[in-house]
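First the structure, in the form of structure tokens, and then the observations on it.
The values are calculated or read from the model by the stated rules, or taken from the named source; none is laboratory data. As the structure is a prediction and not an experimental result, all values here were calculated from the model. Reconstructed Cβ throughout: ideal geometry from the backbone, glycine too, with neighbour counts over all protein chains shown. Side chains are part of the model used for accessible areas, which takes the heavy atoms of the whole protein and leaves out ligands, DNA and RNA. Shrake-Rupley method; radii C 1.70, N 1.55, O 1.52, S 1.80 Å.
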Amino acid sequence: MESKVFHHALTIRQDVCIGCSHCMRVCPTEALRVKNGKAELYENKCIDCGECFRVCPTNAIIIEQDDFSKIYNYNYRVALVPSILTGQFSDEITASAVTSILLKLGFNEVVEVETSVELLKEEINSYIANKSHSKPVISSFCPAIVRLIQVKFPSLVENLMLLKPPLDITSLYIKKKLQERGISDNEIGIFYITPCAAKIAAIKSPVGEEKSEVAGVINMNLIYNKVLKSLVHLSETEKGLSGRKDCLTDSGLIWSLTNGEASQVKGRSLAIDGVYNIVEFLEKLENEEISDIDFLELRACDESCAGGVLTTGNRFLTVERLHKRVEANKDRELKGFGNRILDYKDFLKSRIPIGEIKPRSMMKLDEDMAKAMKKMERSNRLMCFLPGIDCGSCGAPTCQALAEDIVQGKAAISHCIFLQKTMEQTHKLHPDHSFRIMEKIWGKDRFEKNCNKIDKSKRYH
Amino acid sequence: MHFEYKIEGGDFTRAGNASSQVKRTLKQLNVDPKVIKRVVVALYEGEVNIVAHAYHGEIHIDIDTEKIKMTLIDKGPGIPNIEQAMEMGFSTATPEVREMGFGAGMGLPNIKKNSDKFRIESEVGVGTKLFIEVYINQ
């Protein structure tokens, strides 16, 4: 029933990881452990939110991307950029300058992801108005949230809005438009400049869709560096280039910011950002403690996409800059419709809905309920012995997580440093043995004197 | 499997704790999300009823592979007219409780709606007992 394939954009570089457990402590779904001195990912639990990436002091967690040169596999190359890309740069670097540089880098065209927002807005409002859809309708914009709901809140899967996000609708539009110009499907390469890991995972293994129209993903921090590097070579004319009309509408410009969607929806809606805030809210929603809400905009990052893990600019400044773009756009006549997306309204509208999204609960102890009950009884008994202080010395984030790992055969009770002490006292465990156990979890190096365990210069990247 | 929770009357800040813990347990036991939802909704309503109306109470949960049995026993004023209490929208909640967003008179009917077996016993001046069962394989 549940697909076993679960693509992850996050990878842990074993050669760089020092097993410091920072990542393990922040993971909202307890998807990380430390084993053999390295962080290990439980793939069925990871939602690609990137919280681990943010805290890693050694840059051992990397977010995969396609090689930039892959764009040259296609004759016609489109850079699909989120509106927040221009918000990364200081005010003197205009949206036009960024576009010029992207074109110089090898793209034939630059299109903003939110180009399709006006079409989507209408669809969302009629989706919410449809009484047969479970309320509150939860936006499927943020792929980390879609996954969070699939793995941790399976009963809320039916509330997920089964409509494509702007990224997919805009890609469809670009493809259709170019095909009409006589460019064949395999010549078109749409490359998405991503601010987050979850979007990559969503493109590589889409939820509720067959496949993505996007040919590849390029991380936003890479583009940020390329833009800054190319800036010195840019002529004054190119900096002020007005070739690309600012064709996003006001709601398109701020769609990926907090309250960007919720503010456009008719009815009672709420916008929540930050994955921990969302977990807290969904717990209550699942109990039906919260009712009478029509729409929920949930975004895993603080300040939504402006706070994406692959962004470089300060998220609050990014938000301010986008609002300034709205202000500067005020008098533009073509606002929103300098592009030709409305010509494709009927074609696109019929393709906005997506198929069913299935739960993929990660919490079950066993498929078989009777076996799961036995495991739970055992894990409850184990909790009586474990200290309950969640020190993480066993390589699991909490005592509860260790107990559950033990009953699933992934860890042993002797991994707990407190129980080791008790066992040593009663001569059930030799001190040499308990030392070997700790070495197995944290690696041999961890016990050697080393003043440079974490290179201080790497701590703040 | 048996679980017990103690509920204090008037402690609205903690209302929902028992249902959240039972929810986690049922997820770990691989119970169908739809069944979990019914259990949690019934239990949460029952929990809030104890907090809003009674002095204190206990919740007993028994889970086997067939069903989830919930027994909610409170010491409180009891219900003088059960038939009336089961009517949608009927409520004896105080204005203060209503101000907090509770006491809309949907609690008991909602519990019944979400359960496969439902029985209520109440004695005025003593307290109320709710017996709720939700079947797992339906």
Worksheet item: For segment A:153-176, does any single residue satisfy the condition of being β-branched (Val, Ile, Thr), closer than 25 Å to A:THR99 by Cα and under 22 Å from the mean Cα position of the chain (by Cα)?
Response: yes
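Would you mind stating whether A:VAL113 is within 14 Å of chain B (Cβ to nearest Cβ), within 18 Å of the chain's Cα centre (by Cα), closer than 28 Å to A:ARG268 by Cβ and not polar (S, T, N, Q)?
Numbers: within 14 Å of chain B (Cβ to nearest Cβ): no; within 18 Å of the chain's Cα centre (by Cα): yes; closer than 28 Å to A:ARG268 by Cβ: yes; not polar (S, T, N, Q): yes.
Criteria not met by A:VAL113.
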Item to complete: Mind listing whichever residues of segment A:126-138 are surrounded by 16 or more Cβ atoms within 10 Å (Cβ to Cβ) and assigned to a helix (DSSP H, G or I)?
Response: A:TYR127, A:ILE128
Worksheet entry | Count of residues meeting criterion [in a loop (DSSP other than H, G, I, E, B) and within 14 Å of chain A (Cβ to nearest Cβ)] in segment B:42-75 | 3
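Provide a single number: the residues in segment A:197-211 that are outside any helix (DSSP H, G or I) and either surrounded by fewer than 18 Cβ atoms within 10 Å (Cβ to Cβ) or under 9 Å from the mean Cα position of the chain (by Cα) (or both).
Step one: filter segment A:197-211 for residues outside any helix (DSSP H, G or I), giving A:205-211.
Applying the additional criterion that residues be either surrounded by fewer than 18 Cβ atoms within 10 Å (Cβ to Cβ) or under 9 Å from the mean Cα position of the chain (by Cα) (or both) yields A:205, A:208-211.
Residues flagged as outside any helix (DSSP H, G or I) and either surrounded by fewer than 18 Cβ atoms within 10 Å (Cβ to Cβ) or under 9 Å from the mean Cα position of the chain (by Cα) (or both) within segment A:197-211 amount to 5.
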Worksheet item: What number of residues in segment B:1-25 are part of a helix (DSSP H, G or I) and in contact with an Asp or Glu (Cβ under 9 Å, 6 or more places away or on another chain)?
Response: 6
Item to complete: Please go through segment A:90-117 and pick out each residue that is more than 24 Å from A:SER69 (Cα to Cα), surrounded by fewer than 24 Cβ atoms within 10 Å (Cβ to Cβ) and in contact with a Leu (Cβ under 9 Å, 6 or more places away or on another chain).
Response: A:SER90, A:ILE93, A:THR94
Worksheet entry | Tally, over segment B:2-19, of residues that are within 9 Å of chain A (Cβ to nearest Cβ) and at pLDDT below 90 | 2
Discussion item. Could you check segment A:401-417 and list, in sequence order, the residues that are open to solvent by 40 Å² or more (accessible area, probe 1.4 Å) and not basic (Lys, Arg)?
Written reply: A:GLN408, A:GLY409, A:ILE413, A:HIS415, A:ILE417
Worksheet item: Which one is farthest from A:GLU210 (Cα to Cα), of the residues in segment A:143-181 that are part of a loop (DSSP other than H, G, I, E, B) and open to solvent by less than 20 Å² (accessible area, probe 1.4 Å)?
Response: A:PHE153
Practice prompt. Filter segment A:292-320 for residues that are under 19 Å from A:SER263 (Cα atoms), open to solvent by 30 Å² or more (accessible area, probe 1.4 Å) and in a loop (DSSP other than H, G, I, E, B) and give the result.
Written response: A:ASP292, A:ASP294, A:ASP302, A:GLU303
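To keep it simple, each residue is scored yes or no on (1) assigned to a loop (DSSP other than H, G, I, E, B); (2) modelled with pLDDT under 95; (3) within 14 Å of another protein chain (Cβ to nearest Cβ); (4) surrounded by fewer than 14 Cβ atoms within 10 Å (Cβ to Cβ).
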{"site": "A:GLY355", "(1), (2), (3), (4)": "yes, yes, no, yes"}
{"site": "A:ARG360", "(1), (2), (3), (4)": "yes, yes, yes, no"}
{"site": "A:ASP366", "(1), (2), (3), (4)": "yes, yes, yes, no"}
{"site": "A:ALA370", "(1), (2), (3), (4)": "no, yes, yes, yes"}
{"site": "A:CYS394", "(1), (2), (3), (4)": "yes, no, no, no"}
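Give segment A:422-445 a look and list any residue that's without any contact (Cβ under 8 Å) to a residue 60 or more places away in the chain, of a type outside the set (Gly, Ala, Ser) and not in a loop (DSSP other than H, G, I, E, B), or say none. Spell out the reasoning first.
Of segment A:422-445, the ones without any contact (Cβ under 8 Å) to a residue 60 or more places away in the chain are A:422-439.
After this cut, where a residue has to be of a type outside the set (Gly, Ala, Ser) as well, the list is A:422-433, A:435-439.
Correct list: A:THR422, A:MET423, A:GLU424, A:GLN425, A:PRO431, A:ASP432, A:HIS433, A:PHE435, A:ARG436, A:ILE437, A:MET438, A:GLU439.
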